[in-house]
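The values are calculated or read from the model by the stated rules, or taken from the named source; none is laboratory data. Everything numeric in this text was worked out from a predicted model, so none of it was measured. Positions of Cβ are generated from backbone atoms using ideal geometry, with glycine treated the same way; all protein chains shown enter the neighbour counts.
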Amino acid sequence: MRDALDSALVERAAALLEAAGHVVVFTGAGMSAESGVPTFRDAMTGLWSRFSPEDLATPEAWERDRETVWRWYAGRAAAVREVAPNDGHRAVAELGDRLTSRGGALSVVTQNVDDLHERAGSEVAGHLHGSLFQPRCEVCDRPAGGELSVAPDLPHCELCDGPIRPGVVWFGEMLPAGAWRAAEQAFAAADVVLIVGTSGLVYPAASLPIEAAERGTPIIEVNPEPSTLTPTTDCFLPAAAGTALPALLRV
Ligand code: BJW
Ligand code: ZN
């Protein structure tokens, strides 16, 4: 990672945003890293270090050991409650306000299961991988209400007594249809896509910016490290979200 942001790069990205009517901001775990939420591939620390994400974020893991999986998600939900949006989340909300006030629009499409964009004041068009805060019945899909809690007994549905599961999308599961549709529509309408803090490893989410680039939509990326999406970008800003996004607004 470079020490200081290259001002010519920042100016180029800011000019792309300035000329755009509709901007899509596509975010991953790096967006929330500076709030203290570990990125997906860094999340297995402490008690969880003997697991890999693929051990826990699957329907098979849930079938095998519901208690462990539930405790992992309940702990993560509690940790997110303790942290606050960072300067990057706030800059996205501010960019949205600026676009709206000049008759444009900004759509946030996130892979994150936290609620930090909303708490910073952005409306989220689609949570592609669900939410830590929307547990639901595994059998009848009824929202469970309330939050995941680290209770000794796993909760059951008030309607059908089915087990309540975390409201996130595991490997091998379909993405929520409404969020996916909203994301596709937003990307189709975008004049510019701003990617922030994703490794671009997980599909079908990663296909959204790739297909936008193929259609000729200019792509800006903010990430301290190059990602699998970097080759598709027009302007790569090698910096943390909390540094690069406010810098884009200062130009
Ligand atoms: C910073 C920073 C700072 C650090 N500032 N940046 C096509 C090809 C190959 C495979 C597939 C395919 N299509 C589907 C698949 C299978 C699978 C998949 O993609 N597998 C790949 C791993 C190969 N996909 C699925 O299974 C999806 N479902 C599906 O396709 O359904 C259809 C179907 C069904 C049945 C059969 C076949 C098809 C579902 C995917 C669900 C993903 N769910 C997770 C878990 C959510 C719950 C939870 O949180 O526990 O979502 S996985 C995990 O990865 C999580 C994340 O949202 C997602 C993306 O991760 P993200 O956000 O990119 O985080 P990291 O950690 O990878 O990267 C962080 C980045 O931040 C890094 O680049 C850092 O450098 C950067 N960074 N600090 C800015 N301060
Ligand atoms: Zn039920």
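The single condition among (1) among the β-branched types (Val, Ile, Thr); (2) within 17 Å of the chain's Cα centre (by Cα); (3) within 30 Å of Ala19 (Cβ to Cβ) that Thr233 does not satisfy is (2). Restricting region 157-191 to residues that are surrounded by 23 or more Cβ atoms within 10 Å (Cβ to Cβ) and closer than 24 Å to Val69 by Cα, the residue that is farthest from ligand 2 (Cβ to nearest atom) is Pro166.
Note on region 26-51: residues that are outside any loop (DSSP other than H, G, I, E, B) and either modelled with pLDDT under 95 or closer than 13 Å to Leu116 by Cα (or both) total 11.
Elements of the type helices (runs of 4 or more DSSP H) sitting completely within region 63-178 and holding at least 2 residues that are in contact (Cβ under 8 Å) with a residue 12 or more places away in the chain and over 30 Å from Glu18 (Cα atoms): these cover 66-81. Tell me the residue from Arg102, Arg136 that is more than 16 Å from ligand 2 (Cβ to nearest atom) and among the basic types (Lys, Arg), please. Sole residue among the options that is more than 16 Å from ligand 2 (Cβ to nearest atom) and among the basic types (Lys, Arg): Arg102.
Scanning region 112-124 for residues that are closer than 21 Å to Tyr203 by Cα and either of a type in the set (Val, Ile, Thr) or surrounded by fewer than 23 Cβ atoms within 10 Å (Cβ to Cβ) (or both) yields Val113, Val124.
Of the set (1) at pLDDT below 95; (2) touching a His at 6+ places or on another chain (Cβ under 9 Å); (3) more than 15 Å from ligand 1 (Cβ to nearest atom), all apply to Asp153 but (2).
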